[in-house]
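The next block holds one structure in the form of structure tokens; read it before the comments.
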Amino acid sequence: MTLPDSARVEPEQAVPTTVDELAPLYRQMLAIRRMEEAAAKAYSQGKIGGFLHLIIGQEAVCVGSIAALKPDDYVVATYREHGHAYAKGIAARPIMAELYGKKTGLVKGLGGSMHLFDKPTNFLGGHGIVGGHVPLAAGAAFASKYRNDGRVTVCYFGDGAATIGGFAEGLSLSALWKLPIVLICENNQYSMGTPLYRSLAVEDVSLRALAHGMARDRFDGDDVIRVKRRIAEAVDRARVTGEPTLVEIVTYRFRGHSMSDPGLYRTKEEVEEWRRRDPLNRARLRLLEVGMAEAAIEALEADVKAEIEDSVKFAEDSAPADAYAPYVMKGAH
């Protein structure tokens, strides 16, 4: 299958940047890619159970957008959220241990892949119900407005969630109450295995903002710096004026919906077309263009390799989750 023209956003010219700005973002994207690849290997070996949804190919979206936030801003994500958690500042060790179902995991091994949470970084999930988390994100933004704490909530959802009632409700309330929220549609072209033209009558999700008098934006997600710049505009709008924005970032996942999905509904030509736009490759080439030495990039990549290998060993060496430990109150019987 070839994607219809209405689903495409052609890659644009690279946004001006520097080594100091781009190098840490490239490192984050590479760490997420290697972490996801390690998780896929562990899953195939039976070391990770349950569901596993990988973000491979979409790394620039979470890394670029979260780079536009302040540390205490809120992030609410879907079940494809390992990369978002890492970009928000959560270390690879507790993320990997959580995937393994270990006691040292982010939520003590009880949440698994789809339910990562971390209060210190204001990472509010990790939600397994498609579209159901959008009203929750609106609630977090309402709390910020009520407290006047200056925080912005960023909520991620897929193109499939754009057909869900919870998304419509969250969008409506965000506009009605003028909440400091940025709603980001990670349009990776497929709702599980269903292509856009079979799931959306109007494939431009950002147009739904017009019905609510809400600001909107739509662009390709292959350039992490572009993502950072464009999301920064929406974040500033939310923080300064308290008004929401609906943003659609066109991206692509190189693997199937989950580990049980071989992605046979896609042609090799389609996948290769998008692989030529791989955000990691684009960022690496850009680093060379703006003056980072090949040896320095290789050193960065070796550091990432060591970090992810360490996280896997940490997860494998950790004790299994105790189903009762998190809920046993001091002095309770």
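Could you list, in sequence order, all residues of the range 115-168 that are hydroxyl-bearing (S, T, Y) and either buried (at least 17 other Cβ atoms within 10 Å of the Cβ) or more than 26 Å from T194 (Cα to Cα) (or both)?
The answer is T121, S144, Y146, T153, Y156.
Name the one entry in D217, D204 that is surrounded by 16 or more Cβ atoms within 10 Å (Cβ to Cβ), modelled with pLDDT under 95 and among the acidic types (D, E).
The match here is D204.
Kindly indicate the residue of the range 230-264 that is hydroxyl-bearing (S, T, Y) and out of contact with any strand residue (DSSP E or B) (no Cβ under 8 Å at 6 or more places or on another chain) and also nearest to G128 (Cα to Cα) among those meeting that condition.
It comes out as S258.
Would you check if I95 is in contact (Cβ under 8 Å) with a residue 12 or more places away in the chain, in contact with an Asp or Glu (Cβ under 9 Å, 6 or more places away or on another chain) and β-branched (V, I, T)?
So I95 does not fit the description; no.
Taking the range 135-175 only, how many residues are among the basic types (K, R) and in contact (Cβ under 8 Å) with a residue 40 or more places away in the chain?
Total satisfying the criteria: 2.
In the range 88-101, is there at least one residue being surrounded by fewer than 20 Cβ atoms within 10 Å (Cβ to Cβ) and in contact with a Lys or Arg (Cβ under 8 Å, 6 or more places away or on another chain)?
no
Residue check: is D217 of a type outside the set (F, W, Y) and closer than 30 Å to R286 by Cα?
Criteria met by D217.
Going by what's in this entry, would K102 be described as more than 17 Å from the chain's Cα centre (by Cα), basic (K, R) and more than 22 Å from D317 (Cα to Cα)?
no
Kindly evaluate M259 against the criterion of being surrounded by 12 or more Cβ atoms within 10 Å (Cβ to Cβ), closer than 21 Å to I32 by Cβ and at pLDDT 85 or above.
no
Pull up the range 57-78, narrow it to residues that are in contact with a helix residue (DSSP H, G or I) (Cβ under 8 Å, 6 or more places away or on another chain) and among the acidic types (D, E), then point me to the one that is surrounded by the fewest Cβ atoms within 10 Å (Cβ to Cβ).
D73
If I ask for residues that are of a type outside the set (K, R), more than 28 Å from A68 (Cα to Cα) and either assigned to a helix (DSSP H, G or I) or free of Cβ contacts under 8 Å to residues at least 12 places away in the same chain (or both), which ones from the range 176-210 would you list?
L196, Y197, S199, A201, V202
Pick from the range 122-142 the residues that are among the β-branched types (V, I, T) and within 15 Å of the chain's Cα centre (by Cα): which of them is nearest to D72 (Cα to Cα)?
This residue is V134.
Hey, could you check the range 263-288 for residues that are charged (D, E, K, R) and either in a loop (DSSP other than H, G, I, E, B) or loosely packed, with under 12 Cβ neighbours inside 10 Å (or both) and say which is modelled with the lowest pLDDT?
R266
Would you call S311 among the hydroxyl-bearing types (S, T, Y), out of contact with any strand residue (DSSP E or B) (no Cβ under 8 Å at 6 or more places or on another chain) and modelled with pLDDT of 95 or more?
yes
State whether one or more residues within the range 216-229 are over 21 Å from G64 (Cα atoms) and out of contact with any strand residue (DSSP E or B) (no Cβ under 9 Å at 6 or more places or on another chain).
no
Tell me which residues, restricted to the range 227-262, are over 17 Å from the mean Cα position of the chain (by Cα) and part of a loop (DSSP other than H, G, I, E, B).
Within the range 227-262, G242, E243, P244, M259, S260, D261, P262 qualify.
The values are calculated or read from the model by the stated rules, or taken from the named source; none is laboratory data. Here the structure is a predicted model, which means the values were calculated and not measured. Positions of Cβ are backbone-derived with ideal geometry, glycine not excepted, and every protein chain shown enters the neighbour counts.
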